[in-house]
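Worksheet: one structure, shown below.
The values are calculated or read from the model by the stated rules, or taken from the named source; none is laboratory data. Keep in mind it's a predicted model, so treat the numbers as computed, not measured. Don't worry about glycine lacking a Cβ; one is built from the backbone with ideal geometry, like all the others, and counts go over all protein chains shown. Remember, those area values only see protein heavy atoms, side chains included, never the ligands or the DNA or RNA. Shrake-Rupley method; radii C 1.70, N 1.55, O 1.52, S 1.80 Å.
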Amino acid sequence: MLAETLRFSLAEFSGLGVGAAAGLGLLAAAIPFLAPLIRSAAGPRALMAVGVGGLLAARLAAQILGPDVAIAVAGTGLGLLALTSLYEGSRGLSGVGFTIAATAGLAVDTSVRMAFGTWDPVWRSGVAPWAVCLLTVALGGVALFREVSSGAVPAPRISWRDALGAAALGPFLALQVLVLSSPPFVASSGWLSLTVAHLVVLAGQALALGFLASGLAVRAVPGGLAVLGGTLLGVCAGSVAGSYALTGKAVVFAVIPAQVLAAWLLAVACRSPLRRGRFIVPEQRENAQVSGVYGVFGRPQSAWRIDIGAAIGGIAVLVILLPYTLNTVHPLPFPNNALTALAGILLGLLAAIGAARGGPLPARAPQRAVAAIAGSLALLGGTAVFVVTEPAVRNAGSGADLRIVSLNLEQAMHGGRLDPEAYARRILAQDPDVVLLQEVGRGATSSGGADLGVWLSRRLGMSLVWGPATDAQYGNAILTSRGVMASGTSRVITGDQIRGYAWARIIVRNGPVDVWTTRFADGPGDAAIRATEGAAIVRDWSNAPHTVVAGDLGAQPGSDELSTLTDGTGLRRVSGTTERGRTDGLFGSLDMLFSDVTLEPGLLAITAKAAR
């Protein structure tokens, strides 16, 4: 539930300016630092009731009212407070057991996402989303009641060094949201189908669960080994996630071992904060004050240090996720790969702090590993629902007329809500053969982690051609019901932001038609950058016949920088698409005929035909 809350919160924050997003992020990050005060005033059970109960209430409110900025701030803050209180309910559990529970929960979350096509239920109405919400909240409420009703488990007396191990859940969760538990990320970066991508993610989760359940982790882990593991994890994450990342099969070979590494490091880091307090013999009980605050002989315990450590982990979550999310609109002064690498390295350092410290580990039991991996097969249910509900791609034949729609999807955020269905209805009203999309998220945190390219292709019954831009999760897409003879994509690195384009050669009766979609820089001072982006398209187009180029060009008709698309190139701006105030545009080669132009806010539709 916390992962889902972070996903919808990041989507809400992405529509804000840097200052507002940072301020609200700090506000949310400050909430878990109330944990020591709540513990001192009302006890550890109240801390869990406020944290976990608040998260459940925020989830229910988001389903009723729809996610918005206020719910995002409250949900994130209370979720991070719940993260802190988790150590109360898990005290006495080994770091391995704690990590098994966390990894299994993320695996279930991933399976549910797949059943809904990666568009989280919290954004949706209908029976199924409400059923998932109510079931989740009900199960969480029952678990919370049982924990609050049980007696408090004495906290250990540990040092600041040991308490910082509680912060490890922060970078671990950041990596899961961005990369390791995100099928859309693996699909877009690995050039895989979403179904195969979930199988890859599930394989990593199953191996992590099997490794932990087997008891192969050693009792004393050298700190240097944990640092090495964190470094390897950082290299894996930083090499596949960000603006300058590897794609293709390398993603598969990075994600699966990274999942196992992340789980192992979390288990090592959390061992000390999860220890029980010392045992109280009967003759000492009279003078002992046993609570989450006071220790065996009435001296103040150090549980509040664990609270602060876990709250620092909450800060780590936002420090990594928030700048990464805003990078698509407000570029960072450094490659955002550094943030994912930082998460891995930080997890390794926190594990090194807890290395060779106390905390029970299960005995080695290979049969438990087999049982854990076998149990993970049940999570294929989400994939099965996704596959069974996939509609057939409609075949529009190869007629001479080609109805084309160009639309800036803007991450499918409609009125502050992630609503790809609203955009799908606008597109279907034009009965298109080809849809040229810009600002499409495929696992981008700014679009709630949803795979909008795949979701829309299924909704419209079209095939997908993907073109990464800022990174592999944010770019341009072509959807078509016609046959595709060839396709391609390229990224254009200009200025602070990386742009790109995608093209596809579509089968039509009078000969194939090449369609291109792109998104230019949109800043008022970016005219030179737009000119360079236009020149790159003209260069790569190479004067091919029967061509249509469309997209959001970031400048109004008649702007000087757009002349690079038309001056002596063989392309012309199509009449009827030059309405004042619009930044989108459509260009065609001289051997194309155009008719039936439709202009709507953010949408341009036209019928194109190749001249004989």
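Quick notes on this one:
- Gly230 satisfies every condition listed in (1) modelled with pLDDT of 95 or more; (2) surrounded by 22 or more Cβ atoms within 10 Å (Cβ to Cβ) except (1).
- Note on the range 449-487: residues that are farther than 22 Å from Glu390 by Cβ, open to solvent by less than 20 Å² (accessible area, probe 1.4 Å) and without any contact (Cβ under 8 Å) to a residue 60 or more places away in the chain amount to 3.
- Failed item, numbered, when Pro67 is tested on (1) part of a helix (DSSP H, G or I); (2) in contact with a Ser or Thr (Cβ under 8 Å, 6 or more places away or on another chain): (1)
- When the range 237-259 is filtered for residues that are farther than 17 Å from Leu207 by Cα, part of a helix (DSSP H, G or I) and of a type outside the set (A, V, I, L, M), the ones remaining, listed by number, are Gly238, Ser239, Lys249.
- Scanning the range 328-358 for residues that are at pLDDT 90 or above, among the polar types (S, T, N, Q) and either under 21 Å from Met48 (Cα atoms) or open to solvent by 10 Å² or more (accessible area, probe 1.4 Å) (or both) returns a single hit, Asn337.
- Meets criteria (more than 30 Å from Ser159 (Cα to Cα), at pLDDT 90 or above and of a type in the set (Gly, Ala, Ser)) for Ser406: yes
- Restricting the search to helices (runs of 4 or more DSSP H) fully inside the range 133-204 and requiring at least 3 residues that are under 30 Å from Gly475 (Cα atoms) and aliphatic (A, V, I, L, M) gives 169-175.
- Answer residue from the range 533-572, given it is within 18 Å of Thr489 (Cβ to Cβ) and polar (S, T, N, Q) and is most open to solvent (accessible area, probe 1.4 Å) among those: Ser542
Residues are listed down the side, and each one gets a yes or a no for (1) at pLDDT 95 or above; (2) over 21 Å from the mean Cα position of the chain (by Cα); (3) not aliphatic (A, V, I, L, M):
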{"residue": "Ser188", "(1), (2), (3)": "yes, no, yes"}
{"residue": "Ser193", "(1), (2), (3)": "yes, no, yes"}
{"residue": "Val201", "(1), (2), (3)": "yes, no, no"}
{"residue": "Phe211", "(1), (2), (3)": "no, yes, yes"}
{"residue": "Gly223", "(1), (2), (3)": "no, yes, yes"}
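- If you go through the range 255-270 and keep only what is open to solvent by 10 Å² or more (accessible area, probe 1.4 Å) and of a type in the set (A, V, I, L, M), you end up with Ile256, Val260, Leu261.
- Of all residues in the range 502-538, those satisfying the criterion of being over 26 Å from Ala610 (Cα atoms), assigned to a helix (DSSP H, G or I) and either touching a helix residue (DSSP H, G or I) at 6+ places or on another chain (Cβ under 6 Å) or aromatic (Phe, Trp, Tyr) (or both) are Ala527, Arg530, Ala531.
- Single condition Arg499 does not satisfy, out of (1) charged (D, E, K, R); (2) closer than 23 Å to Thr598 by Cβ; (3) not in a loop (DSSP other than H, G, I, E, B): (2)
- Checked against (1) on the phi > 0 side of the Ramachandran plot; (2) over 17 Å from the mean Cα position of the chain (by Cα), Gly242 passes all but a single condition, namely (2).
- Any chance Trp503 is of a type in the set (Phe, Trp, Tyr) and more than 23 Å from the chain's Cα centre (by Cα): yes
- Every test in (1) assigned to a helix (DSSP H, G or I); (2) among the basic types (Lys, Arg); (3) more than 23 Å from Leu135 (Cβ to Cβ) is passed by Arg91 save one, and that test is (1).
- Of all residues in the range 119-141, those satisfying the criterion of being within 25 Å of Thr445 (Cα to Cα), of a type outside the set (A, V, I, L, M, F, W, C) and out of contact with any Lys or Arg (no Cβ under 9 Å at 6 or more places or on another chain) are Arg124, Ser125, Gly126, Pro129.
- Cβ pairs under 7 Å, 6+ apart, first in the range 402-421 and over 21 Å from Thr518 (Cβ atoms) and touching a residue at least 60 places away in the same chain (Cβ under 8 Å), second of a type in the set (Ser, Thr, Tyr) and not in a loop (DSSP other than H, G, I, E, B): Leu418/Ser447
- Taken residue by residue, the range 36-55 has no member that is aliphatic (A, V, I, L, M), outside any helix (DSSP H, G or I) and either in contact (Cβ under 8 Å) with a residue 60 or more places away in the chain or surrounded by fewer than 16 Cβ atoms within 10 Å (Cβ to Cβ) (or both).
- Residue count for the range 205-227, restricted to those that are open to solvent by 40 Å² or more (accessible area, probe 1.4 Å) and not in a helix (DSSP H, G or I): 5
- Residue count for the range 573-601, restricted to those that are in a loop (DSSP other than H, G, I, E, B) and open to solvent by less than 10 Å² (accessible area, probe 1.4 Å): 2
- Residue list for the range 96-149, filter: hydroxyl-bearing (Ser, Thr, Tyr) and open to solvent by 50 Å² or more (accessible area, probe 1.4 Å): Ser125, Thr136, Ser149
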